[in-house]
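The block underneath contains the structure these notes are about, expressed in structure tokens.
Only the coordinates and a few stated rules stand behind these numbers; no lab work does. Bear in mind that the values here come from a model prediction, so they are computed numbers and not experimental data. Cβ: placed from backbone, ideal geometry, glycine included. Neighbour counts: every protein chain shown.
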Amino acid sequence: MKMAALELARYKIRVNAVCPDAIETNIEQNTNRTEELEKVQIPVEFPEGDQPLAAGPGKPEQVADLVLFLASDDSNHISGTDIYIDGTESLPRG
């Protein structure tokens, strides 16, 4: 991704990675599931305690707002970066 950002910068194309954590959706209601798929499904485990910024998973609108910002001219100096949208869940705790 960083190499793509470097190579495409001369064309004024910005490249970033949006890295969401748990997002509250109803995708399981819209997905055709089979018994074989359920056998290999890995259960999602949330860390104990609340996230420091918000209790529970994020909302799709929060990810959409970030993507809209990145697509706008307001972010014209942001490229080649991973942007975590996870309520600080990816940060180490000690």
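Structure above, values below:
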| quantity | calculated |
| --- | --- |
| Residues K2, K12 arranged by fewest to most Cβ contacts within 10 Å | K12, K2 |
| Förster-model FRET efficiency, 22 Å R0, R10 and N76, C-beta, rounded to 0.05 | 0.90 |
